[in-house]
1. Calculate what fraction, in whole %, of the accessible area of the chain sits on carbon and sulfur atoms when a 1.4 Å probe is rolled over the protein chains.
2. Using the basic label-point model (7 angstrom from Cα toward the beta carbon), what is the Arg107 to Asn90 distance in nanometres?
3. Each residue of segment 58-66 in order: what ³J(HN,Hα) in whole Hz does its phi give by Karplus 6.51 cos²θ - 1.76 cosθ + 1.60, θ = phi - 60°, with x for Gly and Pro?
4. If R0 is 30 Å, what FRET efficiency do you get for Ile13 and Phe65 from their C-beta distance, rounded to 0.05?
5. Output the pairs from Lys7/Lys70; Lys7/Lys73; Lys11/Lys31; Lys28/Lys70; Lys11/Lys43 with a Cα-Cα distance over 21 Å in this structure; if there are none, say none.
6. By its C-alpha gyration tensor, with a ≥ b ≥ c as the square roots of the eigenvalues, how is the chain shaped: rounded for a/c under 1.5, else prolate for a/b larger than b/c, else oblate?
7. State in Å² the accessible area per residue of the chain; use a 1.4 Å probe, count heavy atoms of protein chains only, and round to the nearest integer.
Amino acid sequence: MATIFSKIIDKEISADIVFESDNVLAFKDIKPQAPVHILIIPKIEIPKVTDIKGEVHAVLLGEMFDAANKLAKDLGIDKNGFRLVFNCGNDGGQEVYHIHMHLLGGRHMQWPPG
Ligand code: 5GP
């Protein structure tokens, strides 16, 4: 089922896009939890982490990590470090059912997460 992220991909609703390639889009989270909070998403709809199949999606996931590393470097958080998060399902705190990697940085992260 299409989510709000499909509308962002299709440019039907606006977002602060910071990276785009043929397969991947990255934009600022509307409710940032850190000085840097970017969502990195595939352009194809994959609802949950449990829908990922390595033999099908490995290259795509690699592109998402490449985008995260590029953005971390461009935004100057690569040296101090950052956090990458995929929330999955209800207990994981997932709100939007189109997989997305949260890139969080610019402050020290706590562990364990809430
Ligand atoms: P989840 O809880 O599913 O892992 O994360 C969903 C994220 O999407 C949340 O951090 C939320 O703030 C963000 N988000 C939800 N709707 C929008 C939107 O319309 N635009 C943007 N830029 N971020 C959104």
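The values are calculated or read from the model by the stated rules, or taken from the named source; none is laboratory data. In this text, all values refer to a predicted model and were calculated from it rather than measured experimentally. Glycine gets a Cβ as well: all are built from the backbone with ideal geometry, and neighbour counts include every protein chain shown. SASA here: full protein model, heavy atoms, side chains in, ligands and nucleic acids out. Shrake-Rupley method; radii C 1.70, N 1.55, O 1.52, S 1.80 Å.
1. Carbon with sulfur: 53 percent of the solvent-accessible area.
2. 3.0
3. So the J values, rounded to whole Hz, are 4, 5, 4, 5, x, 5, 5, 5, 4.
4. On the way: r = 26 Å, r/R0 = 0.87.
The calculated FRET efficiency here is 0.70.
5. Values: Lys7/Lys70 24 Å; Lys7/Lys73 28 Å; Lys11/Lys31 19 Å; Lys28/Lys70 15 Å; Lys11/Lys43 12 Å.
The answer is Lys7/Lys70; Lys7/Lys73.
6. Since a/c stays below 1.5, the shape of the chain is classed as rounded.
7. Per-residue accessible area for the chain comes out at 62 Å².
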